[in-house]
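Reading through the structure tokens given below for one structure.
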């Protein structure tokens, strides 16, 4: 299929960080074009943002309802092939629902919904619709994260014993006015919803382990804030592995320092976003190995998501774009009326449900005073 | 200006590494579209490559001469706004000359030409044409490289004493069939032309120092090869600073590990492509500082070339794209008949002449047996 | 005082790792000599070990009871000035008690005793005796650990919010026959007693914070083992700070990788034994700083414990020796009948009680199913 | 042999950095005791320094001539077994000569002598004497340096192609009054003599390669200084390998940052004193390996010089002590009238001659204007 996929966007107007990231990720490989949008909950800001982006003014909408109606009326090939949703959390569900029901494929930012009930409902909607739904848990797009998963799948680490996943950042050390700290827009959690879910998703993606129960302690360090800005958890996985997961938004000087360590009976691995092109593998009785992106010795899966030779580093945007590359493969198939390739590798609505279940479980454990709580689903 | 700039490409067909990089760099920010190309010296490969890229077949040309003639006949706004040249070195000059003379702006890969004479002639052509000419010494596009330059401009390091610039890589440890090792296509140098010029350019960009004379030792380690695959040099800069520069293509296990250290009377700095988001500054009587991309404390120039918050790493493609961002600013002005903004920050034809002079000087010093040789210009 | 202090040793015979460390630490600065010992619970092994060490055979004893009686009969200046106890945990208390009651100063390895009751009793014995008692929580001897403490004391980090302390190692991934895994000799905990206490002590030393309550999960991964080989804990400190502490002996490929991160409202710091000469300090709005041992800009306390210029690394033995340096200062004073200098900086019997209380509290929390448990004392 | 070896010291009094290092290195393993000294060229300072060290006043001498005469009169077993020379360079030769001629073994700091002629003469003296002479090129004492040598001996790197050795430090960025900058005491070179020889020795020790010719550029950056404070060199080894070596004392913020990279046809390695417990080995088609001190997978030679388990870092003093350990083994044999064990691993008088030849060759090349100059011997 040679024409570019047509993307619409809900949210992501001027000053919105994540919308710009989605656009760069979509554009990087030259296979997707942005053609329409309801770029802000403010109609005038949407219009201005559309101008910034050089969109045809007739396809810059004042709200998503107008957008979905108008795009649905356009002929196939002209109307959008999929919509990307980059609004605050509380709007994910209604927007996704509207577009799915109108027959559009969806790419959605995370966490997937406002709460677990919405997530379950969205899962049903997606399955019923037969449309593609991709969730941008972008860290799983890093080639060395994929290599890590492949190693574990192959059994290189032996039986998995322990997972330590962290996501510390510091920007909420000061009181800020941001929707992420507003329960009405963010949901039941701030830190755990915004970044804890990334740590959870990264751990699940790499290890394939499922959390059986967890014991969480939430803290709100900045006074006046209504949601937690720091959370620590002990995890017990099905099958006996143990875990520690923490997310923090008051860790002064840490900059989106998501990282993970996985320990097995035969070997251990660690990956840090600060050095995303490296995967460290440790052995009890052999030298450590540093696997580096862009090398011939890596697995096919890591190579498939690599654009540059070794030493020329790839980073966040390329990883994000890898989610789009795979979602685009699925969307192209869907648009063409073909079956979706089975090897498409992007986070799905099921990952979204798992993420919302994780949030709900952690919130419950913390509210009860760090009681071991069975993972919801 | 809202419409996207129209890019043509000479070279960069199937399997060409650097052409794909240029395209990603051009596409990343959504302001440039590829519309035409003579993508290979083989007409059939050019055609296939154009199909791969979804180009209108009528604008995929069998050779650059046909392309320049055909594009020149298209009306402004439809024809390409600039051409990107990503051929082997020996073709840079004739292609650039043809497009400049036909009134097109040019983006060109490095080293700029086949030899110094061509470089000087190209400089004259560019100045006479009034067109934009940008050379993709991409490492200068890294935000922390720009921060380094800004620190030195501000005087943070005091008087500069010493520069150590390295570019080791290992891929030529085996005999390979590649134009870079062919004197007929690469020019008088292999290692120094392909990567030594990057180290030279990086040092000049960051420090502003000019090499006064140099003393070079070239080695060809792989038998049967006609050009050097390793070179070491001692440098003396105007004003008294000293330098060491080396480039190597037989450094097994090094992966494009370009790096630079600059020492001054008050402080020193170092930057490594392996960790491109960090700039280390060292003092004799104070703690080391690690400046990290994406932070509020950086200079305006570093911020201007930053797309993501701290901790979310940016890398090679984003740096490469920063060259395109600035070239595009200049090209947009040129196309609009406006003066080119003075703060546009991309390598120019003068940088290209300096690079070719560096190669010619190093070759001469090495041929004479590592004799101190005054820098040509 | 010019003569060397005379050291006796209980434990530490052939093949005992920690005894050799204590001797090197004692000898390093040329102020302590080993003159006597009951070097093994086997009289013949004690004798052989004494020969290895060039000890006067008349002062190599078959058991500690004989040693304490014989040494006590020697005249001052000839008899030992202090005893170092490097036996398995269960013997610490009776040996320390015997020597204290006979009027000897004591240096003791950690954890201090077999259980908390013994620890409390030992505390009373030490206070009553007026003798010096030093506990070798050696990580607090690192100059950059002392710098960290000084920074926090000065208020550089603002109000402390969070502490993350880890001690992963991997050697118990296989079943081994070692007293540390034997409840009869190690006490109620294996991993938490052997290395968790180091993490606890390091955190307490650097931050001055006291744990209010903790919530622990213990795991025994290797079947047939009677004590935990992995433990994770959530901590709540008095004053509102939170913490995560984990210790693990099944973390394949980790090599005594003790490390700590402390987060405050103004800055954060981290220190890793893998890079002991560095202390990283992070800010939300300023470049990171790397404080490095051996520099003029450090605090007096770090300088006092530094032997070498910057760049010439110091490490484990030097840090261990710093405990001996300070204990020796105190012991010299005690022997001379002078008051013990108030600025002596070594872990005391109170630290030992705190460590045993930590173990007992963690064991109780884990046994109850990770229930928040108030810190014992 | 159970009694401790008796060490005398010439130089190393109060405030002398390197004397203190030698003493710690000698004491660390409990097999050497300091019993005599002429600790300063000032008799009164020698006396005070002897008091500081608790030496018997009758064996603290006002000058080395008195010392050698007096010690020679003492009976074997009471007199010193060897002397350690830690004076400024110009005094090494006469002191070594005096002690050798009086029948004493010698440990000497580097560079070995004031000039190459003295070095050659000393070599003859040593050979004639039959005594042990050890030179403290201490960096060769690091276990991972020994591992590097072993790897190369085994052929792990294939044929060696290139060596890059650096020793930057910054303390001479300011004018200082130190004997190292005084031609009358330091010799013909400052930077190259004091630290360049370490880089040369380290390269020779690890690789076994011999320099065939070199091309050097010396610079004196600090005005009023009579010797170079920075030097860069291109090297050509016998057999075709190439090298770059630089030493600098004006590299602001660098702290004795000696490091080396060795490139072969099959693999490359690098070692940095900043992380002395690691040895990085790089391959073109396999993951990098990090060999870490203290592990079972290392060679016997690395293990032989290791005191602590992995993860508990060893550093400068332990490496220095490893020179003493081996010198002591040789001296014990010499004292006992036995042949010196062939596997003793310490720098010899031949290494000293090589080092002085390196200095003389570099000085000559630099004086002639960076002319390729054949290595003297």
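See the values below:
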| read-out | value |
| --- | --- |
| The stretch B:270-288, residues that are more than 9 Å from every other protein chain (Cβ to nearest Cβ) and buried (at least 22 other Cβ atoms within 10 Å of the Cβ) | B:271 |
| Evaluation of residue B:244 against (1) more than 17 Å from residue B:147 (Cβ to Cβ); (2) in contact with a helix residue (DSSP H, G or I) (Cβ under 8 Å, 6 or more places away or on another chain); (3) facing chain D (nearest Cβ under 10 Å); (4) buried (at least 23 other Cβ atoms within 10 Å of the Cβ) (one fails), failing number | (2) |
| Condition check for residue D:291: more than 9 Å from chain B (Cβ to nearest Cβ), in contact (Cβ under 8 Å) with a residue 24 or more places away in the chain, closer than 19 Å to residue B:263 by Cα and part of a strand (DSSP E or B) | no |
| Residue within the stretch C:248-260 that is buried (at least 24 other Cβ atoms within 10 Å of the Cβ), in contact (Cβ under 8 Å) with a residue 60 or more places away in the chain and assigned to a strand (DSSP E or B) present | yes |
| Tally, over the stretch A:294-307, of residues that are free of Cβ contacts under 8 Å to residues at least 12 places away in the same chain and either surrounded by 23 or more Cβ atoms within 10 Å (Cβ to Cβ) or in contact with a strand residue (DSSP E or B) (Cβ under 8 Å, 6 or more places away or on another chain) (or both) | 1 |
| Test for residue D:209: is it under 23 Å from residue D:160 (Cβ atoms), under 21 Å from the mean Cα position of the chain (by Cα) and crowded, with 24+ Cβ neighbours inside 10 Å | no |
| Residue that is surrounded by the fewest Cβ atoms within 10 Å (Cβ to Cβ) [pool: residues in the stretch A:215-226 that are touching a helix residue (DSSP H, G or I) at 6+ places or on another chain (Cβ under 6 Å) and more than 10 Å from chain C (Cβ to nearest Cβ)] | A:226 |
| Test result for residue C:337, within 26 Å of residue D:17 (Cα to Cα) and either at pLDDT 95 or above or touching a strand residue (DSSP E or B) at 6+ places or on another chain (Cβ under 9 Å) (or both) | no |
| Considering residues of the stretch B:37-57 that are away from chain A (no Cβ under 14 Å) and in contact with a strand residue (DSSP E or B) (Cβ under 9 Å, 6 or more places away or on another chain) only, the residue modelled with the lowest pLDDT | B:41 |
| Residue in the stretch D:327-341 that is assigned to a loop (DSSP other than H, G, I, E, B) and more than 16 Å from residue D:105 (Cβ to Cβ) present | no |
| Qualifying positions in the stretch D:270-292 - more than 20 Å from residue B:170 (Cβ to Cβ) and touching a strand residue (DSSP E or B) at 6+ places or on another chain (Cβ under 8 Å) | D:273, D:274, D:277, D:278, D:292 |
| Any hit, the stretch A:248-269, residues being out of contact with any strand residue (DSSP E or B) (no Cβ under 8 Å at 6 or more places or on another chain) and at the interface with another protein chain (Cβ under 8 Å from one of its Cβ atoms) | yes |
| Members of the stretch A:308-342 that are touching a helix residue (DSSP H, G or I) at 6+ places or on another chain (Cβ under 9 Å), away from chain B (no Cβ under 14 Å) and surrounded by fewer than 20 Cβ atoms within 10 Å (Cβ to Cβ) | A:338, A:339, A:340, A:341 |
| Helices (runs of 4 or more DSSP H) completely within the stretch B:122-236 that count 2 or more residues being farther than 26 Å from residue B:99 by Cα | B:143-154, B:197-207 |
| Filter result for residue C:173 (buried (at least 23 other Cβ atoms within 10 Å of the Cβ), modelled with pLDDT of 95 or more and under 25 Å from residue C:234 (Cα atoms)) | yes |
| Total residues in the stretch B:2-24, condition part of a helix (DSSP H, G or I) and free of Cβ contacts under 8 Å to residues at least 12 places away in the same chain | 2 |
| Candidate set: the stretch B:362-377, residues that are more than 17 Å from residue B:124 (Cβ to Cβ) and touching a helix residue (DSSP H, G or I) at 6+ places or on another chain (Cβ under 9 Å); chosen: the one nearest to the other protein chains (Cβ to nearest Cβ) | B:372 |
| Subset of the stretch D:228-241 that is more than 10 Å from every other protein chain (Cβ to nearest Cβ) and more than 23 Å from the chain's Cα centre (by Cα) - its residue that is farthest from residue D:354 (Cα to Cα) | D:239 |
| Counted residues, the stretch B:1-17 - those being more than 10 Å from chain A (Cβ to nearest Cβ) and either touching a helix residue (DSSP H, G or I) at 6+ places or on another chain (Cβ under 8 Å) or buried (at least 16 other Cβ atoms within 10 Å of the Cβ) (or both) | 11 |
| Sole residue being more than 19 Å from the chain's Cα centre (by Cα) and either more than 14 Å from chain B (Cβ to nearest Cβ) or on the phi > 0 side of the Ramachandran plot (or both), chosen from D:105, D:178 | D:178 |
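The values are calculated or read from the model by the stated rules, or taken from the named source; none is laboratory data. Just so it is clear, the model here is predicted, and its values are computed rather than measured. Because the Cβ atoms are built from the backbone with ideal geometry, glycine has one as well, and the counts that use them run over all protein chains shown.
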